[in-house]
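J.: I have a structure here, written as structure tokens, and I will follow up with some questions on it.
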Amino acid sequence: MVMTAFLQPELVRRLSGQIDRASKVTVAAHARPDGDALGSCAALAEYLTTCRGKDTAAILPDTPPRNLRFLLPDVIPFLFHDAEPENALRRIRESDLVILLDCSGFSRTEGLEVPFRESGAGKVLIDHHLNPETEDFSLVFSTPGISSASELLYWILLEMPGMDGNPRRLPPRCAAALLSGMTTDTNNFANSVFPSTLRMASQLLEAGVDRDAILTELYQRSRENRVRAMGYLQNEGLHITPEGVAYMIATREIQDRFGLEEGETEGLVNIPLSIEQVRMSILLKEGDGQYRVSLRSKKGISAQRCAAAWFNGGGHENASGGKLLWPRDIARKEDAAAYLEMVSKEFMK
Ligand SMILES: [Mn+2]
């Protein structure tokens, strides 16, 4: 028996029953998908197709960044709402079961929030963020004390009928996607690593997953300009407040100068935490009418509370996200640095 303490067998039985009764199953995750969002969706889609024979599709609000596209299955449809809105919406209408992963609720699917909420499909949540929107779901797996949605899904799949807790029974692409999602969410085993996380990694390696190939895809295929942009932001763009908050602002101008693509600032926000006096790190990335905000904090400082109080967001205790809008939160986009200095004074006192 591999059951981990955070998983209730009764819930897994109910999930399995819902899968049995469904004919069209759709998996989904949050906007601007990261490795855990895409990895958990790809893994579950592979499982549902290969092991359960279900008509399966995945719907994501946005096209994933280039470095994550190796996770996309060959034959299972992955529909991106920004690229093919009609097909994505039709699929939601046709689905009789929706499983949302790596996402505290439908509000994090942005443009898909209302279509998902209005859908008559059964709805299941599998997630590891704080404060899940449980009222929208008939079945909720919510475990904040775990590395990733991919890890939570791993332990769920091992409890499914016929698996006998044996990871060798997972389809190979499913196993690889789970290890990929967990690897990115732990920042390659640097954060949010629990005993169960290392057990999962160990079991998947024993089952034959090629971790070196995954690392090559995730961390050794960057464009030169990405590294140069990261260097520029850490040099000219890094500010540290007297209260120990580091911040960087990737303006549109900087993004254009380096030709930065979606997802290419991934990981940057973690770097200032290596400085001794820095207790929290904030990265702002300029978009249309808003900055997207990433926050990371050291133990004892809650990035989650800061994101909720000042940046319209949330997530995990030490890793959160949000947004800063103008003219609502700040009058002009040029006021972002002054806002961050103010947040540092107010939040850290
Ligand atoms: Mn995650």
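J.: Mark the label point 7 Å from the Cα of Arg14 along Cα→Cβ and return the residues of the stretch 71-97 whose backbone N is within less than 17 Å of it.
T.: Answer for this model: 97.
J.: So what's the chain giving for Rg/Rh, alpha carbon basis, Kirkwood Rh from the mean inverse pair distance?
T.: My calculation of the ratio gives 0.96.
J.: Output the Cα-based Rg and Dmax of the stretch 1-55 in Å, rounding Rg to one decimal and Dmax to a whole number.
T.: Over the stretch 1-55's Cα set, Rg and Dmax evaluate to 12.9, 36 Å.
J.: Modelling each spin label as a point 7 Å along the Cα-to-Cβ direction, I'd like the Glu236/Trp326 distance in nm, to one decimal.
T.: About 1.9 nm, to one decimal.
J.: Then there's this: Kindly state, as a whole number, the per residue volume in cubic angstrom of the convex hull around the alpha carbon atoms of the stretch 47-146.
T.: 121 Å³
J.: Let me ask another. Please work out how much length the chain gains when fully extended from Arg93 to Glu206, using 0.36 nm per residue of separation minus the C-alpha to C-alpha distance, in nm with one decimal.
T.: This chain segment gains 36.6 nm when fully extended.
J.: Now, a different point. Given a 1.4 angstrom probe, what's the average accessible area per residue across the chain, in square angstrom?
T.: Ligands and nucleic acids excluded, the result is 43 Å² per residue.
J.: Computing the accessible area with a 1.4 Å probe over protein heavy atoms, can you report the carbon and sulfur percentage for the chain?
T.: Carbon with sulfur: 48 percent of the solvent-accessible area.
J.: Could you work out the mean projected area of the convex hull around the alpha carbons of the stretch 224-347, in square nanometres to one decimal?
T.: Projected over every direction and averaged, the Cα hull of the stretch 224-347 covers 7.0 nm².
J.: For the stretch 235-285, what percent of Cα pairs sit more than 16 Å apart?
T.: Cα-Cα pairs of the stretch 235-285 separated by over 16 Å account for 40 percent.
J.: Ok, one more. Taking R0 as 25 Å, what's the FRET efficiency between Glu113 and Asn187 from their Cβ-Cβ distance, rounded to 0.05?
T.: 0.30
The values are calculated or read from the model by the stated rules, or taken from the named source; none is laboratory data. What you are looking at is a predicted structure, and each value in this text was computed from that prediction instead of being measured. Here Cβ is always computed from backbone atoms with ideal geometry, including for glycine, and neighbour counts include all displayed protein chains. Just so you know, the surface numbers come from the protein's heavy atoms only, side chains and all, with ligands and any DNA or RNA stripped out. Shrake-Rupley method; radii C 1.70, N 1.55, O 1.52, S 1.80 Å.
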